[in-house]
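Below: the structure, in structure tokens.
The values are calculated or read from the model by the stated rules, or taken from the named source; none is laboratory data. In this text, all values refer to a predicted model and were calculated from it rather than measured experimentally. Here the Cβ is made from the backbone with ideal geometry for all residues, glycine too, and neighbour counts use every protein chain on show.
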Amino acid sequence: MAEHLEEAPLAERVAAWLEELGLDEYLAEAGLPTFVRDKDGRVLWHEVGGQEPLSPERLELLSTALRSQGDEPQHAVPVPLVLLARKARLRAALSAAQAPGYDRVAALRGATVNATRFAVHKAKAAGELLLVVAGERVLLPDFQFDASGEVRAELRPVLAPLLNAGMDPWDAWIWLTQPAGLLGGDVPERLAADPEEASLVAHAAVRLAERVAASPRPAPRPKPAPLPSKGCGCGGHH
């Protein structure tokens, strides 16, 4: 297989490599050229947007950009695409485990759904509550609420800096519920429940918010988009 790929056209080699890594489905989300296979299995690469064929020169640039991580291009892995894929899988897992809508929070509060919706959006606008939109679904992650349906007191100083810094709600949800490097591998929302550690979590959130605020916002992608000289150009906060 390896010898066969070495002799294959570049279009096939790059496509097979990405398929083997399970990253081909994330090219479009990363703002990169994409490919399909025709009925005979031949690879057809297209510019961003899927309309114009990708030129050999652009394909060469894409291959170089994807393999620019590390000192040995032949063994490189497109790290930004890997991170994008991981984030997409986490989003899918979190979304699947979370019931949509305002009903659950309304029941906890003993309030009507309309009153709860109004209160939730007011708190969201103030950076006090995490609300995530997934397509047509509105998700209110359960972990942030106490038994009475109010935002957990120990999470308020954690949520506020992240949301007020403009952090993507999905990124905030992932950071709060996954092991965090800033906390030695502990899960922020769980660690915050320990009164002796709550201030540490709040401090880590402030540091992360500072990074988010200092990061340039991704610019609108032109079509076709120029390939970067390094990395894959997926942008975002990883």
Given the condition part of a helix (DSSP H, G or I), at pLDDT 90 or above and surrounded by 17 or more Cβ atoms within 10 Å (Cβ to Cβ), answer yes or no: does some residue in the range 213-229 qualify? no
Scan of the range 111-128 for residues that are crowded, with 16+ Cβ neighbours inside 10 Å, farther than 13 Å from VAL151 by Cα and not aliphatic (A, V, I, L, M), ordered by number: ARG117
Filtering the range 151-161 down to residues that are out of contact with any Phe, Trp or Tyr (no Cβ under 7 Å at 6 or more places or on another chain) and of a type outside the set (D, E, K, R), which residue is surrounded by the most Cβ atoms within 10 Å (Cβ to Cβ)? VAL158
Which of the following residues is of a type in the set (D, E, K, R), in contact with a Leu (Cβ under 8 Å, 6 or more places away or on another chain) and farther than 16 Å from LEU130 by Cβ: ARG207, ARG211? ARG207
Report every pair of residues separated by at least 6 positions or lying on different chains whose Cβ atoms are under 9 Å apart, first residue within the range 202-216 and closer than 11 Å to ALA165 by Cβ, second acidic (Asp, Glu). VAL212/ASP168; VAL212/ASP171
When you check VAL36 against the structure, is it within 21 Å of ALA88 (Cα to Cα), at pLDDT 85 or above and surrounded by fewer than 17 Cβ atoms within 10 Å (Cβ to Cβ), yes or no? yes
Quickly run through the range 132-158 and pick out the residues that are under 22 Å from PRO195 (Cα atoms) and assigned to a strand (DSSP E or B). PHE145, VAL151
Pairs, please: C-beta under 8 Å, at least 6 apart or cross-chain, first residue within 17 Å of LEU176 (Cα to Cα) and in the range 120-135, second of a type in the set (Val, Ile, Thr)? GLU128/VAL151; LEU129/VAL120; LEU129/VAL151; LEU131/VAL120; LEU131/VAL138; VAL132/VAL138
Would the range 51-72 turn up any residue that is buried (at least 16 other Cβ atoms within 10 Å of the Cβ), at pLDDT below 80, touching a helix residue (DSSP H, G or I) at 6+ places or on another chain (Cβ under 8 Å) and over 30 Å from PHE143 (Cα atoms)? yes
Restricted to the range 151-180 and to residues being of a type in the set (Val, Ile, Thr) and out of contact with any strand residue (DSSP E or B) (no Cβ under 9 Å at 6 or more places or on another chain), the residue modelled with the highest pLDDT is VAL158
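Residue by residue, here is whether (1) surrounded by 12 or more Cβ atoms within 10 Å (Cβ to Cβ); (2) modelled with pLDDT of 90 or more; (3) touching an Asp or Glu at 6+ places or on another chain (Cβ under 8 Å); (4) farther than 22 Å from ALA28 by Cα holds:
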residue	(1), (2), (3), (4)
LEU90	yes, no, no, no
GLN98	yes, no, yes, yes
ARG109	yes, yes, yes, yes
LEU130	yes, yes, no, yes
ASP142	yes, yes, no, yes
GLY149	yes, yes, no, yes
Can you tell me which residue among PRO161, PRO179 is part of a helix (DSSP H, G or I), over 29 Å from LEU32 (Cα atoms) and not small (Gly, Ala, Ser)? PRO161
